[in-house]
Each structure stands twice: as structure tokens, then as C-alpha cells.
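A short write-up of the structure that comes next.
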Amino acid sequence: MADLDELVGELLRNHPPGSTDPTTFLGAQFDAGLAYVHFPIGYGGLGLDPGAQTQVDAHLRAEGAPSPFRSNPIGFGMGAPTVVTYGSEDQKRRYLRPLFACEHIWCQLFSEPGAGSDIASLATRAIRDGDDWVVTGQKVWTSLAHQARYGMLLARTDPNVPKHAGLTYFVLDMHAPGVEVRPLRQITGEAEFNEVFLDGVRIPDAERLGGVGDGWKVAMTTLMFERFNSDNVPKGGGLIGTALAEWARRGDTSSPHARALEDRLVDGWVRAEVHRLTTLRAAHQRAQGTPGPEGSIGKLSMATVNQAIGALAVDLVGAGGMRYPSGYEESRPDTMGFDPDADAMKAFLRAQANSIEGGTSDIMRNILAERVLGLPGDVRVDKDKPWTEVPRS
Ligand SMILES: Cc1cc2nc3c(=O)[nH]c(=O)nc-3n(C[C@H](O)[C@H](O)[C@H](O)COP(=O)(O)OP(=O)(O)OC[C@H]3O[C@@H](n4cnc5c(N)ncnc54)[C@H](O)[C@@H]3O)c2cc1C
């Protein structure tokens, strides 16, 4: 790995993070093959074992280098692996570098008002018209669609076959005529996500990812990476860091009430640390090949741990925890998820979405029950019926 260290050193020497703007730095990181070391040479990688990325990232973070995770989490964590797996050479050339450098933000257009956990039942239609597809439908909960230049779109191209077989996957230009993005507000008051209306949007067939009817297979790649898509939180970071800061601010740390809170804080610390190690183990297993069900373990544990620690952080604030200093004025964040600068109340409210976004905790439990424990499968009465014959609300 000496060569890899040398490459990282050269990148840092030629582009000192302190004096280089993040886009230039990330572009240079991509060109050096240090963006995703397991990607092919020329596409941000060096064709190495994916585990080597951990070493690169640790070195870069220690030197204060930027990461695309906060600005472009969906593109960086899910779009890039999907494009590199299923994209044409032309798509890989056009999309990967600007995505990694955060010049192009990406969003994920899967969920619909009538299709969330059962995403394969979605109704947005794409109809072939010459070299284009014409897309009409509605997506919902689309995080960062207001920032996005491109979206990963799953649409129904054949309604006469069973639901999983009639889907096709496209890259959608979010600036194309007929795309309308409207904000949706969350419990925090912010609008990180959106409704997206698609009204006769034309997508060139060249923007398809994978074959016609192969959309489910391509979407599974995106979803597997979604469950792994979390930043490497350092020991004591994330929500437990917020809770610790509240403990440090407390005047009373020795009354019986404070002692009881201290017990919960220690319990929260242990749970946060077990979650951090679980995530590291999942990353290590992913480095051995394609991610598997261990991503679902991390996703489930992230939601339960964050919600418990979020509640504790508010309790540590005391009566002031009933206030909401952030205010409910609508704002349009340019990033999503945990905000390290948020107060305990906002962090607590945002954590409530952790058990829904990226697949609900119930669905994670189903996956683990079926694929890891080998328990009987969920009831799936519509699996083999043509989509048109399945009753819809
Ligand atoms: C903050 C946030 C950001 C999001 N960002 C995006 C995004 O960028 N792009 C995108 O496409 N989507 C996004 N989503 C949507 C998210 O993926 C869906 O909300 C989620 O998959 C659940 O779907 P649903 O809301 O339709 O709920 P439903 O699927 O209707 O579920 C309702 C309830 O029923 C339970 N349930 C459903 N089916 C089963 C089952 N088979 N077994 C047991 N329980 C079941 C669920 O667990 C849940 O409690 C986001 C959601 C949130 C909260």
C-alpha cells in the first residue's frame, strides 16, 4: 500500500486542502483514482480492493480534505456505484466526475404516494416514443430534489407483467421540461425533501441504466448501497456527541435524577459504540465483495440507537427541552440527515425519520428474518400477477 500513500501524499501536496476549493480538490482526487479506489482506472478508481478506500479516506480526513458525503450523499453513496455497475462508457464518462466533485447533485426518484416499502408496485409510466421515453407520474419524499441536477428514476415500462418485471431504470435530467419540484416540510420545519411531478418528460433511451425491464435488478444495487450510505462517524461523534455536550452544559450532575441520566448516557455511549463497530464490520464485509444483508443490520441499529440517544439528549436539556430554538420557519437545506451543528431538540426530531428513510425498520427486520435467519417469507399475494390486475387504492 506504499504506492497508495504516495498518491494521497502527492494529491495533498499539489492541492493543499486549506487553500484549495472543495470542487477542485475533489476533481483532483477523482483524477488521481482516489475517489473510489475499486472503480476502474479513468473512472475515479485504480481497480484495487474496495477495502483500500478506508486507508485513503482516513489519511485525507486527517489532513482536513473535503468529502462529497455531506453535499451529495445520494450521488456519492448510491448514484456512483449504480452508474459504474450499469452505465455505458459514455454515461460513466459524463456522470461520475461531476458527481464526485459535487458539481452535479443527485437525487433518488423511487418512492411514490402509493409505493414506498413495496416500491416494485410503483405507477409512474415510461412509454417508448422513438429514441425517447415519455414519463408521467409523481414521486414523493425526494431528498435534495431542489438541489439536484440528476435523478435516479425507476418507472414502469410494461404494466402487463408482474410488478418486479415491468420496471426500467433511467437517469433523469432534473432540468428537463415537465419536471416540477415542490417542497415538503418535515417535523423539524425544514424541507429537505420534495414532491416531484413528471408531466410528459422526455428521456433519451441512451439515459437508461440496464436493460428494458431490468429496473428492479438495478434498483436493488442502489438500495443495497443506500443501507451502507452513512458517513464514518468518529468515536463519540454523531448524536452521542450532542448528548455529551448537553451533559457538559448541565449544572446538576450529582442529584439522584442526574445520576439516573448519567446511567442512560453511559448506556447510550455503549450502544453508539456498538453501532459504530457494527458499521465498521459491515464496511469490512462489503470490502470482500458486493454488500449483503449486513447493511440492513447497520441501518436498523442506526435508527434505534439514534432515536434513543436523541430522546436522552432532550431529557438532558431539562425543561428547556420543550422549546424549539431552531424555529419552524420553512428552510431549504442543501444537505440531509444528521446535522452536527443542530441543537438537541432538532437532532431528536430529525432522528424520528431514521426508522423510515432508506427502508423502514420493519422492512429491515423482514430482510434479516428472511435472508439471514431463514424464517418463512412475508406474505406476497401479488408477486406473480400482472401489475394491471393488482387492486390499487
Ligand atoms: C427523511 C426521508 C427521506 C427520504 N428520502 C427519499 C428519497 O430521497 N427518495 C425516495 O425515493 N424515497 C425517500 N424516502 C421515502 C422512504 O424510502 C419511504 O418513506 C419508506 O420506504 C417507507 O415507505 P412509505 O412512506 O410509503 O410507508 P409504507 O410503505 O406505506 O409503510 C407504512 C408502515 O407500514 C409498515 N410496513 C409496510 N410494509 C410492511 C411489511 N411488508 N411488513 C411489515 N411492515 C410493513 C412500514 O414499516 C411502515 O411502518 C424518504 C423518507 C424519509 C422519511
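The values are calculated or read from the model by the stated rules, or taken from the named source; none is laboratory data. Just so you know, these numbers come straight off a predicted model, no measurement behind them. Positions of Cβ are backbone-derived with ideal geometry, glycine not excepted, and every protein chain shown enters the neighbour counts. These area figures cover heavy atoms from the full protein model, side chains too; ligands, DNA and RNA do not enter into them. Shrake-Rupley method; radii C 1.70, N 1.55, O 1.52, S 1.80 Å.
Are there strands (runs of 3 or more DSSP E) fully within region 167-226 with at least 3 residues that are modelled with pLDDT of 95 or more, more than 16 Å from the ligand (Cβ to nearest atom) and open to solvent by less than 40 Å² (accessible area, probe 1.4 Å)? List them.
Fully inside region 167-226 and qualifying: 193-204.
Which condition breaks for Phe30 when tested against (1) out of contact with any strand residue (DSSP E or B) (no Cβ under 6 Å at 6 or more places or on another chain); (2) under 15 Å from Tyr95 (Cα atoms); (3) assigned to a loop (DSSP other than H, G, I, E, B)?
Phe30 satisfies all of (1) out of contact with any strand residue (DSSP E or B) (no Cβ under 6 Å at 6 or more places or on another chain); (2) under 15 Å from Tyr95 (Cα atoms); (3) assigned to a loop (DSSP other than H, G, I, E, B) except (3).
Please state which one of Arg392, Arg350 is in contact (Cβ under 8 Å) with a residue 40 or more places away in the chain, open to solvent by 60 Å² or more (accessible area, probe 1.4 Å) and either within 30 Å of Tyr328 (Cα to Cα) or touching a Gly at 6+ places or on another chain (Cβ under 7 Å) (or both).
That would be Arg392, the only listed residue that is in contact (Cβ under 8 Å) with a residue 40 or more places away in the chain, open to solvent by 60 Å² or more (accessible area, probe 1.4 Å) and either within 30 Å of Tyr328 (Cα to Cα) or touching a Gly at 6+ places or on another chain (Cβ under 7 Å) (or both).
So that you can scan it fast, the table gives a plain yes or no per residue for (1) closer than 21 Å to Gly151 by Cα; (2) in contact with a helix residue (DSSP H, G or I) (Cβ under 6 Å, 6 or more places away or on another chain):
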residue: Glu6; (1), (2): no, no
residue: Arg13; (1), (2): no, no
residue: Thr24; (1), (2): no, no
residue: Gly44; (1), (2): yes, yes
residue: Asp49; (1), (2): no, no
residue: Ala65; (1), (2): no, yes
residue: Arg70; (1), (2): yes, no
residue: Glu89; (1), (2): yes, no
residue: Arg94; (1), (2): yes, no
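Scanning region 39-87 for residues that are acidic (Asp, Glu) and within 18 Å of Pro17 (Cβ to Cβ), which turns out surrounded by the fewest Cβ atoms within 10 Å (Cβ to Cβ)?
Selected residue: Glu63.
Take the residues of region 241-296 that are open to solvent by less than 20 Å² (accessible area, probe 1.4 Å) and either within 19 Å of the chain's Cα centre (by Cα) or over 22 Å from Ala347 (Cβ atoms) (or both): which is modelled with the highest pLDDT?
The selected residue is Ser296.
For the condition farther than 30 Å from Arg125 by Cβ, in a helix (DSSP H, G or I) and in contact (Cβ under 8 Å) with a residue 24 or more places away in the chain, what is the one hit in Gly337, Gly295, Gly327, Gly320?
Step by step, each of Gly337, Gly295, Gly327, Gly320 is checked, and only Gly295 is farther than 30 Å from Arg125 by Cβ, in a helix (DSSP H, G or I) and in contact (Cβ under 8 Å) with a residue 24 or more places away in the chain.
Only one of these is more than 10 Å from the ligand (Cβ to nearest atom) and open to solvent by 30 Å² or more (accessible area, probe 1.4 Å): Asp341, Asp362. Name it.
From the options Asp341, Asp362, the qualifying one is Asp341.
Which of (1) within 16 Å of the ligand (Cβ to nearest atom); (2) touching a strand residue (DSSP E or B) at 6+ places or on another chain (Cβ under 6 Å) is the odd one out, the single condition Asp384 does not satisfy?
Here Asp384 clears every test but (1).
Are any residues in region 125-143 among the polar types (S, T, N, Q) and either within 15 Å of the ligand (Cβ to nearest atom) or open to solvent by less than 20 Å² (accessible area, probe 1.4 Å) (or both), and if so, which ones?
Passing the criteria: Gln138, Thr142, Ser143.
Of all residues in region 149-158, count the ones that are over 23 Å from Glu103 (Cβ atoms) and open to solvent by less than 20 Å² (accessible area, probe 1.4 Å).
Qualifying residue count for the region: 3.
Which one of these is over 18 Å from Asp118 (Cα atoms), surrounded by fewer than 18 Cβ atoms within 10 Å (Cβ to Cβ) and within 16 Å of the ligand (Cβ to nearest atom): Leu368, Leu373?
Unique residue meeting the criteria: Leu373.
Output the residue which, of all residues in region 312-338 that are within 16 Å of the ligand (Cβ to nearest atom) and either more than 24 Å from the chain's Cα centre (by Cα) or polar (S, T, N, Q) (or both), is most open to solvent (accessible area, probe 1.4 Å).
Ranking the qualifying residues of region 312-338, first place goes to Ser331.
For residues that are under 23 Å from Thr253 (Cα atoms) and either of a type in the set (A, V, I, L, M) or in a helix (DSSP H, G or I) (or both), scanning just region 343-355, find the one that is nearest to the chain's Cα centre (by Cα).
Of everything passing the filter in region 343-355, Ala347 is nearest to the chain's Cα centre (by Cα).
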